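Comments concern the structure below.
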Amino acid sequence: MQFNLESFLANTKDVFHLSRITLRSKSDIQMHTHDYAEIFWIEEGEGFHLINGDKIKISPGYLCTVRATDKHTFIAKTAKQGITISNLAFHQDTLEYLKNRYFLNTNLYFWSESQLPFSMRMDEEGLKLLRNKANQVITQSKNNIHLDQFLLFIFEIITPIGGNENSLIPYWMQASLEKYNSPLYFKQGVEGFLSLTNRSLDHCNRILKKGTGKTLTETLNLAKITYAARLLIMTDASIKAIVSDCGFNNMGYFYRVFKSQFNMSPKDYRVSNKKII
């Protein structure tokens, strides 16, 4: 069986369909392909994704980008609890735009050539963010602007930090690193970062070492030095004040870390980047 997007759209002006449904039996949705691209994620419950001859266990936070040719359906683990699925469906031509604009060099997501489509597991924070965004989008007009905004929001969640497709950094770590960008956290040292993750020092170290090859200290120093470089260019604040804002207690250590990153002193960096061309 093939599902057609037009049969789901509320009116002729709509360009996508967004829904949330709770399935309780295998017969709720037949095995099917479709003429559209689909992203679904599991909100509640547990069960199985029957996809291209495989049976994948799914639970809250599981997200999958389904290609038109993928043949699939779902089974809830128990009929009493069911399994709640949110689903975004949109025209195939949107994929060409996304590919040309953002994903020319990727073989992930909808452009994977593997037997099974791309899938990932979000943590609780990622799922909460996606659920809240979907709740907002579901009440909006189903036009291209809202579709593009929503798709970019989703890709921001599922794309590894720095756009590195081979990164092993989970979403909660990505989100914490993005938030770690102000003196409020810098001045608290490592504890400031750990407060964003709700994880232990050892756990964060292991995740970063595995995903990037860097220690937590090296990663946080890079964040602070990057922030310092921005202040050197965009403000006239004294280097001493910048060192303090970035949470460094030793001026000499700050200079060593800065020079190792930019191959020049903070003063030379400021002069070089403030030249008027």
What does DSSP give for the chain in terms of the percent of beta bridges that are antiparallel, rounded to the nearest 5? 95 percent
Length gained when the stretch Ile21-Ile233 is fully extended (0.36 nm per residue, less Cα-Cα span): 71.2 nm
Take Ser7, project a point 7 Å from its Cα along the Cβ direction, then tell me which residues of segment 86-113 have their backbone nitrogen under 18 Å from it. 87-92
Applying 1/(1 + (r/R0)^6) with R0 = 22 Å to the Cβ-Cβ distance of Lys57 and Gln81, what FRET efficiency is obtained, to the nearest 0.05? 0.90
If one compares the long axis through the Cα atoms of helix 93-102 with the longest principal axis of the Cα atoms of the chain, the angle in degrees, nearest 10, works out at 10 degrees
Segment 2-158: antiparallel bridges as % of DSSP beta bridges, rounded to 5, reads 95 percent
So what's the angle, to the nearest 10 degrees on a 0 to 90 scale, between helix 201-212 and the longest Cα principal axis of the chain? 80 degrees
To test your reading of the geometry: what angle, between 0 and 90 degrees and rounded to tens, separates the Cα axis of helix 124-137 from the longest principal axis of the chain? 60 degrees
Using a/c under 1.5 as the rounded threshold, could you call segment 2-158 rounded, prolate or oblate? The axes a ≥ b ≥ c are square roots of the C-alpha gyration tensor eigenvalues, and prolate needs a/b larger than b/c, oblate otherwise. rounded
When the accessible area of segment 171-273 is computed with all protein chains present and a 1.4 Å probe, what percentage of it is carbon and sulfur? 51 percent
What is the gain in length, in nm to one decimal, between Tyr102 and Leu201 on full extension, counting 0.36 nm per residue of separation less the C-alpha to C-alpha distance? 32.2 nm
Derived scalar couplings ³J(HN,Hα) [segment 19-25; Karplus, 6.51 cos²θ - 1.76 cosθ + 1.60; whole Hz; x for Gly, Pro]: 8, 9, 9, 10, 9, 10, 8
Under a point spin-label approximation (7 Å from Cα along Cα-to-Cβ), what is the Val271-Ile145 distance to one decimal in nm? 4.9 nm
Give Lys55/Lys99; Lys187/Lys214; Lys55/Lys133 a once-over and call out the pairs whose C-alpha atoms are over 24 Å from each other. Lys55/Lys99; Lys55/Lys133
Using a 1.4 Å probe on the protein chains only, how many percent of the accessible area of segment 2-158 belongs to carbon and sulfur? 49 percent
Counting pairwise Cα distances across the chain, what percent come out greater than 33 angstrom? 37 percent
Of the candidates Thr84, Tyr253, Tyr97, the farthest towards the positive dipole end of the chain (Lys/Arg Cβ +1, Asp/Glu Cβ -1, centred on the Cα centre) is Tyr253
When ligands, DNA and RNA are left out and all protein chains stay put, how many square angstrom of accessible area per residue does segment 171-273 have with a 1.4 Å probe? 55 Å²
Kindly report the accessible area of segment 2-158 per residue (heavy atoms of protein chains, probe 1.4 Å, no ligands, DNA or RNA), in Å². 51 Å²
As an exercise, use a Förster radius of 25 Å and the Cβ-Cβ distance of Tyr255 and Thr226 to find the FRET efficiency, rounded to the nearest 0.05. 0.95
Which lysines have a Cα lying under 18 Å from the Cα of Lys13, excluding residues fewer than 8 positions away in the same chain? Lys142
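The values are calculated or read from the model by the stated rules, or taken from the named source; none is laboratory data. What you see is a predicted model, and the numbers here were worked out from it, not measured in a lab. Here Cβ is always computed from backbone atoms with ideal geometry, including for glycine, and neighbour counts include all displayed protein chains. In case anyone asks, the SASA skips ligands and DNA or RNA and just uses the protein heavy atoms, side chains included. Shrake-Rupley method; radii C 1.70, N 1.55, O 1.52, S 1.80 Å.
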